1. From GLY157, GLY162, GLY193, which residue is exposed (fewer than 15 other Cβ atoms within 10 Å of the Cβ) and either within 27 Å of THR114 (Cβ to Cβ) or in contact with a Ser or Thr (Cβ under 6 Å, 6 or more places away or on another chain) (or both)?
2. Only one of these is touching a helix residue (DSSP H, G or I) at 6+ places or on another chain (Cβ under 8 Å), of a type outside the set (Lys, Arg), in a helix (DSSP H, G or I) and modelled with pLDDT of 95 or more: LEU191, LEU145. Name it.
3. Among the residues of the stretch 56-85, which ones are farther than 20 Å from PRO115 by Cα and of a type in the set (Gly, Ala, Ser)?
4. Given the conditions (1) at pLDDT 95 or above; (2) buried (at least 21 other Cβ atoms within 10 Å of the Cβ), and given that PRO128 satisfies all but one, which numbered condition is not satisfied?
5. Out of all the residues in the stretch 108-143, which are touching a residue at least 40 places away in the same chain (Cβ under 8 Å) and of a type in the set (Gly, Ala, Ser)?
6. Look through the stretch 67-125, keep the residues that are of a type in the set (Asp, Glu) and over 15 Å from the mean Cα position of the chain (by Cα), and return whichever of them is farthest from LYS42 (Cα to Cα).
7. When you look at VAL109, is it surrounded by 13 or more Cβ atoms within 10 Å (Cβ to Cβ), at pLDDT 95 or above and β-branched (Val, Ile, Thr), yes or no?
Amino acid sequence: MSDRPSSENVAQRKKAFFESLRIESDIWVFGYGSLMWNPGFKHVEARQALLHGWHRSFCIYSHRYRGTPECPGLVLGLDRGGSCKGMAYRVARARALEVLDYLWDREMVNGVYTPRILYPRTAGGRPPCHAYTVDRTHHQYAGGLDEREMVRLIRQGFGLGGHNREYLANTVRHLDGLGISDGSLHRLLSLVGE
């Protein structure tokens, strides 16, 4: 099975997504993984945010950035159930389309995510945030793996973005720096080893 959807399919999904947008004010983006410490876009405000109904999980086989199809790694996805502490970024209306275009190209390469509007709780209310949740029907969805298999995949994973274990360690380090506790990732890092 191909790792990437056809370029025609990607272009159609992107066109439909942008045609559905109605940007009348600043927008918000929710980050739960690398977007928390490396958003890659200018924003005018950042707040810690708690999202109910979704959790951060190593639930996506990585065939490109942290692995290959022959030797996959694992990367984070925002999966259904539980809760997740992350960051909400406010983007000025004038930059909204530019930022959403950037995020589409960054997050939707393999089509494993579904863009949604979610409402995390922040100190300043519950802004409608653009978020990228995992598509459980996608062939790269890896939810439900046991801990031993997750450790094996993270130890072996190496791709264009480097070692998979560095991705895990970097995530834990940045979560700690933001004062966000995630015991399951700490446990996973201790099992993988740095």
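1. Details: GLY157 fails: exposed (fewer than 15 other Cβ atoms within 10 Å of the Cβ); GLY193 fails: either within 27 Å of THR114 (Cβ to Cβ) or in contact with a Ser or Thr (Cβ under 6 Å, 6 or more places away or on another chain) (or both).
It is GLY162.
2. Details: LEU145 fails: in a helix (DSSP H, G or I).
Exactly one of LEU191, LEU145 is touching a helix residue (DSSP H, G or I) at 6+ places or on another chain (Cβ under 8 Å), of a type outside the set (Lys, Arg), in a helix (DSSP H, G or I) and modelled with pLDDT of 95 or more, namely LEU191.
3. GLY67, GLY73 - these are the residues of the stretch 56-85 that are farther than 20 Å from PRO115 by Cα and of a type in the set (Gly, Ala, Ser).
4. That leaves (2) as the condition not met.
5. GLY111, ALA123, GLY124, ALA131, ALA142, GLY143
6. Of the residues in the stretch 67-125, the ones of a type in the set (Asp, Glu) are 70, 79, 98, 101, 105, 107.
Next, from what is left, pick out any that are over 15 Å from the mean Cα position of the chain (by Cα): 70, 98, 101.
Working: GLU70: 36, GLU98: 10, ASP101: 13 Å.
Looking at the filtered set, the residue picked out is GLU70.
7. Values: surrounded by 13 or more Cβ atoms within 10 Å (Cβ to Cβ): yes; at pLDDT 95 or above: no; β-branched (Val, Ile, Thr): yes.
Here the answer is no, as VAL109 does not meet what is asked.
Rundown of residues vs (1) assigned to a loop (DSSP other than H, G, I, E, B); (2) among the aliphatic types (A, V, I, L, M); (3) within 20 Å of ARG187 (Cβ to Cβ); (4) at pLDDT below 95, yes/no style:
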{"site": "GLY40", "(1), (2), (3), (4)": "yes, no, no, yes"}
{"site": "HIS52", "(1), (2), (3), (4)": "no, no, no, no"}
{"site": "CYS59", "(1), (2), (3), (4)": "no, no, yes, no"}
{"site": "LEU74", "(1), (2), (3), (4)": "no, yes, yes, no"}
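The values are calculated or read from the model by the stated rules, or taken from the named source; none is laboratory data. Quick caveat: nothing in here was measured; it's all calculated off a predicted structure. Note that we place each Cβ from the backbone using ideal geometry, even for glycine, and neighbour counts take in every protein chain shown.
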